[in-house]
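Notes for the one structure printed next.
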Amino acid sequence: MLYKEKLFKMRSRYVYGSLLLLSICIVFGSFSINNTDDFDFAKREVLLRRIGHELLLQTGDSTSRVLPIEKVAENEYQIKFEHDFSFQPDSLVNTTRRLLAKDPFAVDYIVRVVKCGNSNVAYSYSISKNKKDDIIACIGRVQPSACYMINIKFKPTGIHTTKNSYLLGSLPILAIVGFIFLRSVKSRKNTAKDQSTTLFTLGSVLFNAKERQLIIHDRTIDLTGTEARLLLIFASSPNETIMRSRLQKEIWEDEGVIVGRSLDMFISKLRKKLEIDPKINIVVIRGKGYKLEISA
């Protein structure tokens, strides 16, 4: 019995530890992914600024500024310039493809060159992970000098969303597993507690209060409800004096019934059934009550 209890405690500690470790991993994993996302987006902005820089260099402009990169929508960024410029589509395509290859999540994207003020699309193309799906037109046609903005929209990869969904989804699962485990532990503890409060060893006799039975070797003696309640009081405090008033109150008055039955009569019947073990006896303590004596 002690071995089983020890094994159960060890398993409980192991499960508690595993749940705690899993919770910590999920929390830190979430922070890690968020930090990775921030870094990747910051790196993407640097690459977009580099695209603007190289595009101006290709036109011979090495002094005007590339304005701050703006995020105009989810997964869409805008590159703005300080002055008007002209560009060659093939150079723009090659520059964006070369630089964005350094962004592991920029596998599919659409580039649109729009005019300032009216947002008319002056030039656009689509780059795909599979080159055969690229859509590129008007190569070799130089675009006239004007105020341009370059919008680059990336196709959502779903990687970060999926990871976050897994993390968030695992929290309720973890809570459910923890609840089930704790409920199981509580149930086992309650069961063990119930068994410990309904089974009593009196000398060589086993008293099963729940089943109202006395068991010695292969012999079983049934008890009445009143006899079982009486013996339960005695078994809970062996070798201690139980006041007569307490017995009367707990056996009858607490149930809302006061009768003129003789307590001595029930004690006598119970005493006879306990004669199966001569080391067990219910003795009268004059002027006080009774005592369940169990000899060593």
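The values are calculated or read from the model by the stated rules, or taken from the named source; none is laboratory data. As the structure is a computational prediction, the values presented were derived from the model and not from experiment. Neighbour counts run over all protein chains shown; Cβ positions are idealised from the backbone, glycine included. Please note that ligands, DNA and RNA were not included when accessible areas were found on the heavy atoms of the full protein model with its side chains. Shrake-Rupley method; radii C 1.70, N 1.55, O 1.52, S 1.80 Å.
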- Assuming R0 = 51 Å, can you tell me the calculated FRET efficiency for the pair residue 236 and residue 39, based on Cβ-Cβ distance, to the nearest 0.05? 0.15
- Query: Taking 0.36 nm per intervening residue step and subtracting the Cα-Cα distance, what contour gain separates residue 131 from residue 211 on full extension?
  - Reply: 20.8 nm
- Item | Inter-label distance for residue 139 and residue 107, nm, one decimal - labels placed 7 Å from Cα along Cα-to-Cβ | 2.4 nm
- Please work out the average accessible area per residue across the stretch 199-294, using the 1.4 Å probe convention, and give it in Å². 58 Å²
- Query: For the modelled label position 7 Å from the Cα of residue 116 along Cα-to-Cβ, which residues of the stretch 38-78 have backbone nitrogen atoms closer than 11 Å?
  - Reply: 65, 67
- Using a ≥ b ≥ c from the Cα gyration tensor of the stretch 35-154 (square roots of the eigenvalues), is it rounded, prolate or oblate, where a/c under 1.5 gives rounded and otherwise the larger of a/b and b/c decides, a/b for prolate? oblate
- Item | Average accessible surface area per residue within the stretch 35-154, 1.4 Å rolling probe, Å² | 54 Å²
- Report, to the nearest whole %, how much of the accessible area of the stretch 35-154 belongs to carbon and sulfur atoms, 1.4 Å probe, protein only. 50 percent
- Item | Within the accessible area of the stretch 199-294 (1.4 Å probe), percent carbon and sulfur | 47 percent
